[in-house]
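Written below as structure tokens is the structure these notes are about.
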């Protein structure tokens with residue numbers, strides 16, 4: 001059972017601020033990717049695939065974060081039980097964050 005004294009605003013504010021900063025940084029990532037692909041066409045194909053793969057992972061993470069943002073802050077606005085629910089998107093985000101980081105740093 002959910003405690004009725006839970007302050008939903010104190011839970012939602014960090015989520016909103018974190019998503020806002022992530023989407024701002026994500027925009028910079030897209031600009032850097034497009035700049036790289038347009039100006040460094042002579043680079044090796046493996047390096048281009050690395051840049052494209054990282055950009056794709058960042059895009060998938062942005063999509064998952066957007067789904068979580070929608071679920072917690074819009075779909076369940078004012079619903080204290082909905083805020084305490086764990087969606088499948090949380091698991092996908094954890095897999096993207098925890099499983100992909102060691103892969104990229106081990107190369």
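The values are calculated or read from the model by the stated rules, or taken from the named source; none is laboratory data. All figures in this text were calculated on a predicted structure; none of them were measured in a lab. Quick reminder, even Gly has a Cβ in these numbers, built from the backbone with ideal geometry, and neighbours come from all protein chains shown.
Within the range 14-36, residues that are without any contact (Cβ under 8 Å) to a residue 40 or more places away in the chain have Cβ atoms under 6 Å from residues that are surrounded by 12 or more Cβ atoms within 10 Å (Cβ to Cβ) in these pairs: 26/62; 29/58; 33/55; 36/51, counting only partners at least 6 apart in sequence or on another chain.
Would you mind stating whether residue 20 is assigned to a helix (DSSP H, G or I) and at pLDDT 90 or above? Give the derivation first.
Values: assigned to a helix (DSSP H, G or I): yes; at pLDDT 90 or above: no.
No; evaluated as a whole, the condition is false for this residue.
For the range 45-55, does any single residue satisfy the condition of being surrounded by 15 or more Cβ atoms within 10 Å (Cβ to Cβ) and either out of contact with any strand residue (DSSP E or B) (no Cβ under 8 Å at 6 or more places or on another chain) or modelled with pLDDT of 75 or more (or both)? Yes - at least one qualifying residue is present in the range 45-55. The set of residues from the range 76-93 being closer than 19 Å to residue 20 by Cα and either within 18 Å of the chain's Cα centre (by Cα) or modelled with pLDDT under 70 (or both) comprises 83, 89, 90, 93.
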